[in-house]
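Enquirer: Starting off with a structure, shown below.
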Amino acid sequence: MFFGIFTIAARGRLLLALFATVLSAPAWFASAQTMEFSPADMLGWEPKSFAGDTEYRLVFDRQLQQQVVRASSRAAASALFYEQRIDLDATPWLSWRWRVERFPTVTDERVKAGDDFAVRVYVVVRDGWTRLSSKAISYVWAQQAGVGQSWANPFAGDKAMMLALRNRQDGGGWVSEKRNLKADLRRLFGKDFRYIEAVAIMTDADNGKGTAIGYYADIAFTKE
């Protein structure tokens with residue numbers, strides 16, 4: 001389930017609300033060499049609920065020997081997002097850690113009925129001056145899609161591109177990711193963006209009416 005851009009269904013309201021916040025935000029931005037978010041920081045991000053509530057809470061992970069965010073969805077979908085303009089000239093790289101405990105039950109994640117993921121990380125950019133002109137990348141731990149595959153979100157079309165960084169064959173253990181956001185945005189949308197407007201995490205299982213459980217840790221924007 002994605003923050004749909006055009007639909008009037010519940011899944012559409014979250015991204016529309018996010019875009020409305022972004023477009024009305026003051027014109028300030030972060031240009032530090034590093035921006036780091038601990039799991040406790042992430043738990044303090046703005047919640048957006050629209051198909052029940054995914055439970056986000058801090059737990060201690062024995063493997064990492066630190067607190068992490070545990071996200072558990074039972075036929076629900078809600079997200080945590082952080083809205084701030086971030087200068088990609090200063091910090092083009094986004095890194096994080098995630099793992100999957102339980103994948104949602106879906107047969108085709110490229111269609112609306114299967115658009116559920118145990119873990120997702122989003123970035124949102126502005127491509128104009130209306131909420132409908134905004135775009136997003138959804139990095140996902142997929143099941144059917146191969147690693148590196150991208151596709152238009154079934155609810156939002158090519159305004160919101162999905163990118164599979166892992167799939168079920170990778171298992172579900174802790175993995176560190178690092179993405180060059182400027183390069184990914186250029187490849188998926190065919191143009192350069194200097195700023196992102198928001199970052200978000202979401203675990204959802206509302207479309208398949210199942211259960212999904214995932215974990216997140218240590219999101220950071222860095223120069224290299």
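Enquirer: Based on the alpha carbon coordinates of the stretch 58-178, what radius of gyration and maximum Cα-Cα distance (Dmax) apply, in Å?
Expert: Radius of gyration, then largest Cα-Cα span, for the stretch 58-178: 15.2, 46 Å.
Enquirer: Around A51, which amide H atoms from residues at least 5 apart in sequence, or from another chain, sit under 5 Å from its own amide H, with H modelled in the peptide plane?
Expert: A77
Enquirer: OK, next. In terms of modelled amide H atoms, which long-range or inter-chain residues lie less than 5 Å from the amide H of A156?
Expert: I5
Enquirer: Taking a quarter of the surface of the convex hull around the Cα atoms of the stretch 107-212, what do you get in nm²? Show your work: numbers first, answer last.
Expert: Values: hull surface 26.9 nm².
If you wrap the Cα atoms of the stretch 107-212 in a convex hull and average its projections, you get 6.7 nm².
Enquirer: Based on Cβ point charges of +1 for Lys and Arg and -1 for Asp and Glu, what charge dipole magnitude is obtained for the chain about its Cα centre, in debye rounded to the nearest 20?
Expert: On the way: 29 positive and 25 negative charges, 62 e Å.
Charge dipole of the chain: 300 debye, to the nearest 20.
Enquirer: Restricting things to alpha carbons, find the Rg to Rh ratio for the stretch 159-224 using the Kirkwood radius for Rh. Intermediate results must be reported in sequence, preceding the final value.
Expert: On the way: Rg = 14.4 Å, Rh = 14.8 Å.
That ratio equals 0.98.
Enquirer: How high is the relative contact order of the stretch 44-151? Use alpha-carbon pairs under 8 Å, at least six apart in sequence, and give a whole percent.
Expert: Numbers: 124 pairs, mean separation 19.1, N = 108.
So the answer I get is 18 percent.
Enquirer: Another question, if that's okay. Sort 170-177, 113-120 by the packing proxy (mean of other Cβ within 10 Å over each peptide's residues), most packed first. Mind showing how you got there, number by number?
Expert: Details: 170-177: 13.2, 113-120: 24.2.
Most protected by this proxy first, the peptides run 113-120, 170-177.
Enquirer: Choose one answer from A51, A79, A71: the residue with the largest mean-square fluctuation in a GNM of the chain with alpha-carbon springs under 10 Å.
Expert: A51
Enquirer: Past 18 Å, Cα to Cα: identify those pairs from K48/K182; K178/K223; K135/K191; K182/K223; K135/K178, in the order given. Walk me through the numbers on the way to the answer.
Expert: Values: K48/K182 26 Å; K178/K223 12 Å; K135/K191 12 Å; K182/K223 12 Å; K135/K178 20 Å.
Pairs exceeding the cut-off: K48/K182; K135/K178.
Enquirer: In Å, what Rg and Dmax follow from the Cα atoms of the chain?
Expert: In Å, with Rg to one decimal and Dmax whole: 15.9, 46.
Enquirer: Mind listing the phi-derived Karplus ³J(HN,Hα) values for the stretch 69-77, rounded to whole Hz, using 6.51, -1.76 and 1.60 with θ = phi - 60°, and x for any glycine or proline?
Expert: Values per residue, Gly and Pro as x: 8, 9, 10, 10, 10, 10, 6, 9, 8 Hz.
None of the figures in this text is laboratory data; all of them are computed from the coordinates on show. Nothing here was measured: the structure is a model prediction, and the numbers come from that model. A quick note on method: Cβ atoms are made from the backbone with ideal geometry, for glycine too, and the neighbour counts reach across all protein chains shown.
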